[in-house]
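The values are calculated or read from the model by the stated rules, or taken from the named source; none is laboratory data. Keep in mind it's a predicted model, so treat the numbers as computed, not measured. Don't worry about glycine lacking a Cβ; one is built from the backbone with ideal geometry, like all the others, and counts go over all protein chains shown. Accessible surface is based on the protein model in full, side chains and every heavy atom, while ligands, DNA and RNA are left aside. Shrake-Rupley method; radii C 1.70, N 1.55, O 1.52, S 1.80 Å.
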Amino acid sequence: MATVKEHKKLTKLEILKRLVFITIGSILMGVALELFLVPFEIIDGGIAGISIMLSALTPLPLSVYLFLANLPFLVLGYKQLGKTFALSTLYGITVMSVTTALLHHVGAFPEDKLLAVLFGGMILGAGVGLVIRYGGALDGIEVISILISKKLRVAVGQVIMIFNLIIFVIAGFVFEWTSAMYSILAYYIAIKVIDIVVEGLEESKSVTIISKEYEEISQSIMDRLGRSTTLLQARGGYSGDETQVIYCVVSRLELAKLKGIVQAVDEKAFIAVEHVSDVMGGNFSKNSIH
């Protein structure tokens, strides 16, 4: 009977790295809210957006709502995503709330509303993306979005956008509709930045190649591109013939050269390219070309 491996605990260095980046991300979101978005009545999405509306309608400051409104979702995060995620999220929300409290009486950084939307959205997205990448969240909606993302295998940013569009419509009745439209623009920018930060800036491509000249193609890729390849045993569904399928991962900039290498050997080779958001493990480093 196979034994189940124990869960690998984070090292002290990994914990420190996580705390540092979650702290940076949380501070960035607090700065984006108080110095860029809220002064111009531009709301964030999710629980933060609801908190902004509530703070505008009641005497309580934004920081209080940001902390209290997210607590129920921390319970969900603890049950569904684990203790480490819940603690990371609690820490991130606490840092964000403290940041907004400290900056509450500071005036808006830019004087232009459009600049506030553009840079506020970018800073917000960078902050949220950092926290998600390092195992936490800054909004209850993000907790739900991460769960849905794992189930449906869609980008976290896309799930968040659907929830937030509903909240922005509600915000249109609370604030002016122009503020709601500016808010949608700011969060659209944030979504794009979130996906870049979470998935990585340098896109990789996985390539599957089917050809009778698999040996020559595989060797040419290693010699001329400096990338390792993997040969997979396969059988043709129609012909029933045994063959080898070439699989390799290259950077986006190397894709055109890879196609040229393959077609130089076999013009009729089948090439399938897929997007890879992240590459971990193995040996993805580029070998020297000779």
**OP:** Using a Förster distance of 25 angstrom, determine the FRET efficiency expected from the C-beta separation of Ser251 and Leu71, and round it to 0.05.
**Re:** 0.05
**OP:** Only one of the values (i) 86, 43, 30; (ii) 74, 51, 38; (iii) 54, 48, 38 was calculated from this structure for Cα extents along the principal axes in Å; name its label.
**Re:** (ii)
Original post:
Given Cα pairs under 8 Å that are at least 6 residues apart, what percent is the relative contact order of segment 1-129?
Top reply: 43 percent
Original post:
Based on the Cβ-Cβ distance of Thr84 and Lys192, what FRET efficiency does E = 1/(1 + (r/R0)^6) give at R0 = 35 Å, to the nearest 0.05?
Top reply: 0.80
**OP:** Find the relative contact order for the chain and round it to a whole percent, using C-alpha pairs within less than 8 Å whose residues are 6+ positions apart.
**Re:** 19 percent
**OP:** Select from segment 91-160 those chymotrypsin sites (Phe, Trp or Tyr not before Pro) which occupy a DSSP coil region and have at most 13 other Cβ atoms within 10 Å, ordered by residue number.
**Re:** none
Subject >> Coordinate range along principal axes, alpha carbons of segment 103-242, Å, largest first >> reply: 69, 32, 27
Original post:
Which entries of Lys9/Lys151; Lys83/Lys205; Lys12/Lys150; Lys79/Lys205 show an alpha-carbon separation above 29 angstrom in the structure shown?
Top reply: Lys83/Lys205; Lys79/Lys205
Original post:
Semi-axes of the equivalent ellipsoid of segment 171-280: what are they in whole Å, largest first, if each equals the square root of 5 times a C-alpha gyration tensor eigenvalue?
Top reply: 44, 16, 11
**OP:** Please work out the C-alpha center-to-center distance from segment 170-224 to segment 88-147 and express it in whole Å.
**Re:** 21 Å
Original post:
Considering only protein heavy atoms, what per residue accessible area in square angstrom results for the chain with a 1.4 angstrom probe?
Top reply: 57 Å²
**OP:** Enter the angle in degrees (range 0 to 90, nearest 10) between the Cα long axis of helix 140-152 and the first principal axis of the Cα atoms of the chain, meaning the one along which they spread out most.
**Re:** 20 degrees
Original post:
Relative to the longest principal axis of the chain, what angle (0 to 90°, nearest 10) does the C-alpha long axis of helix 113-133 take?
Top reply: 60 degrees
Subject >> Spin-label pair Ser239/Gln263, simplified geometry with 7 Å Cα→Cβ offset, distance in nm >> reply: 2.2 nm
Original post:
Considering only the other residues whose Cβ falls under 13 Å of the Cβ of Ala180, what net charge follows from Lys and Arg at +1 and Asp and Glu at -1?
Top reply: -3
Original post:
Between the helical axis of 177-199 and the dominant principal axis of the chain, each derived from Cα atoms, what acute angle in degrees is found, rounded to the nearest 10?
Top reply: 40 degrees
